[in-house]
Structures are given as structure tokens and as C-alpha cells.
Amino acid sequence: MAKRIDVKDLNIYYGKFQAVDGVTLSVPPRSVTAFIGPSGCGKSTVLRSLNRMHEVTPGASCDGKVLLDGEDIYASTVDPVSVRRTIGMVFQRPNPFPTMSIKDNVVAGLRLAGTKNKKELNEVAERSLRGANLWAEVKDRLDKPGGGLSGGQQQRLCIARAIAVQPDVLLMDEPCSALDPISTLAIEDLITELKQQYTIVIVTHNMQQAARVSDQTAFFNLAGVGQPGRLVEVDGTEKIFSNPTQKATEDYISGRFG
């Protein structure tokens, strides 16, 4: 189920402006990779390119390769919608459909794909809510609006919605930045559980979070004002945080800049 991602010499543009320059990295299956670095260095842009979400921005384009188990997701024969089903995404702010019921939120993607069998939808809703560690809290109010949940519950609802379509990869763009510490801990515990089944890439500004949840860490930085973001180094998280190869990484992690 979980699949490997290989990024090769990826350049990303918004119109004529180059936002990211020459990123090459691999994400092993059933692992968590954290993207860290100062604001504006291209972390989220690279993340969004991994399931072609950046194409939704007018004028956005890229060259290079993003391979999912060897298949180029940017090949002309590949449908972007199927890519986004295979590579799910959880955003910075929880974005459940506020008036839609909790259950309908979870199975929205399946309904969109044409699934109508009520028994199947109910089973997927329960399995996904259990997978997102939310079932016990909401099982008695599945027909209530998703917008009525707390922020942390809404984010876990969004994770349930993402895993309901059984993706191979989960992308998370600062999933805890809008949450309180207790909700953040719940999401971090969940990420650790989910990596048993999924390949996960997370963007985070929280260095301690990257150290806690990820197996490998990629540090991005800007070459200068108006310059594209670049991948400085990627390695096992323990090595990045204790003995990075590049001085810029060490300076960022130790708080000397960024």
C-alpha cells in the first residue's frame, strides 16, 4: 500500500519566477519525512508538487520528475485527480465541510468517485474514524455537522477523510500549527501510528515536532532575497539534529537564523 517517492531535479515556477531550484530526494515507504526551513524557502511548494496540488495555482509549473514507485506522476498520460487520490493531503487549517455531517465528511471522496453502497460507506466511515483516533469521540453523533467539532477533532476528521480513499501517501502541511498543545500531541501520536501503513511527508515550523515524529528530515533554505528555495541536505532525523553536514543546517537548528 505505502509507496516510495523519488524526486529528481525538481524546479518549480510561478509564472516566470522560479520558487524552487533543483530538488532531489527520496522518501522511503512507511516512514515520516519532515521538511523544515525558514518561511518562504519552498517547503510547502515542494510538498504541494508531490501530488500536483501546486498546479491549482494559476501560472504554476514545474520540470524534473516526481516518481511514485517508479511512475512519473507528471507523465502526460497521468490524470492529476487520480494522483491526488493516491497521494492525499491534510492542510494547515482544518477544512471540514462545515455543514456536512461528520460521516458525510469522511466519505465525501468516495461519494465523489461514485460509491453509493450505504453499507460500504458506513464501514469506511467507521474504519477511517478509528484510523484517525476519532471514532470513540464521535460515534454517537455521526449525523451532526463536522464544523461543530473542536479544532483538534476537525483536523483528525480531515485526516480520516484523507485516509478513507486509501491513499498510498499522506502529505501534511503544518497540520498542527492552528492547534493547542494537547491536540498537537494527539496528531503527533496519530502520525506515528499512521506510518505503519502510509508514506508520510510533513512540513513543520516546529523543530521539536520534526525531531519527535520524523524518521528523516530535509532542510530547505533560500540562497538570498528573490532567489529560489533549495534543498540544503536530507538525512536521518537523528543525524540532522545532532551532527548535520552543512553549517547552514546547524545554524538553523540551533536558532542562529530563521
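Quick notes on this structure:
- Positions within the stretch 76-106 being open to solvent by less than 30 Å² (accessible area, probe 1.4 Å), under 23 Å from residue 25 (Cα atoms) and assigned to a loop (DSSP other than H, G, I, E, B), in sequence order: 78
- Residue in the stretch 156-168 that is of a type outside the set (S, T, N, Q) and more than 15 Å from residue 105 (Cα to Cα) present: yes
- The stretch 181-192 - residue that is more than 19 Å from residue 36 (Cα to Cα) and in contact (Cβ under 8 Å) with a residue 12 or more places away in the chain and, of those, least open to solvent (accessible area, probe 1.4 Å): 190
- Checking each residue in the stretch 238-258 for being among the polar types (S, T, N, Q) and out of contact with any Lys or Arg (no Cβ under 9 Å at 6 or more places or on another chain) picks out 242, 243, 246, 249, 254.
- Per-region count, the stretch 206-226, residues farther than 12 Å from residue 36 by Cα, in contact (Cβ under 8 Å) with a residue 40 or more places away in the chain and not hydrophobic (A, V, I, L, M, F, W, C): 1
Residue by residue, here is whether (1) among the β-branched types (Val, Ile, Thr); (2) surrounded by fewer than 21 Cβ atoms within 10 Å (Cβ to Cβ); (3) more than 22 Å from residue 205 (Cβ to Cβ) holds:
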site: 6; (1), (2), (3): no, yes, yes
site: 9; (1), (2), (3): no, yes, yes
site: 17; (1), (2), (3): no, yes, yes
site: 24; (1), (2), (3): yes, yes, yes
site: 30; (1), (2), (3): no, yes, yes
site: 39; (1), (2), (3): no, yes, no
site: 50; (1), (2), (3): no, no, no
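- For the stretch 238-247, the count of residues that are at positive phi and open to solvent by less than 30 Å² (accessible area, probe 1.4 Å) is zero.
- If the condition is being open to solvent by 30 Å² or more (accessible area, probe 1.4 Å), of a type in the set (S, T, N, Q) and without any contact (Cβ under 8 Å) to a residue 40 or more places away in the chain, then the stretch 137-180 contributes only 150.
- Looking across the stretch 193-220, just one residue is in contact with a Cys (Cβ under 9 Å, 6 or more places away or on another chain), part of a loop (DSSP other than H, G, I, E, B) and either open to solvent by 10 Å² or more (accessible area, probe 1.4 Å) or not β-branched (Val, Ile, Thr) (or both), and that is 206.
- Residue in the stretch 229-258 that is farthest from residue 23 (Cα to Cα), counting only those that are aromatic (Phe, Trp, Tyr) and assigned to a helix (DSSP H, G or I): 241
- Among the residues making up the stretch 54-75, a single one is more than 19 Å from residue 201 (Cβ to Cβ), open to solvent by 50 Å² or more (accessible area, probe 1.4 Å) and free of Cβ contacts under 8 Å to residues at least 12 places away in the same chain: 58.
The values are calculated or read from the model by the stated rules, or taken from the named source; none is laboratory data. Small disclaimer: the values here were computed from a predicted structure and weren't measured. Note that we place each Cβ from the backbone using ideal geometry, even for glycine, and neighbour counts take in every protein chain shown. When the accessible area is computed, the model is the full protein with side chains, heavy atoms only, and any ligands, DNA or RNA have been set aside. Shrake-Rupley method; radii C 1.70, N 1.55, O 1.52, S 1.80 Å.
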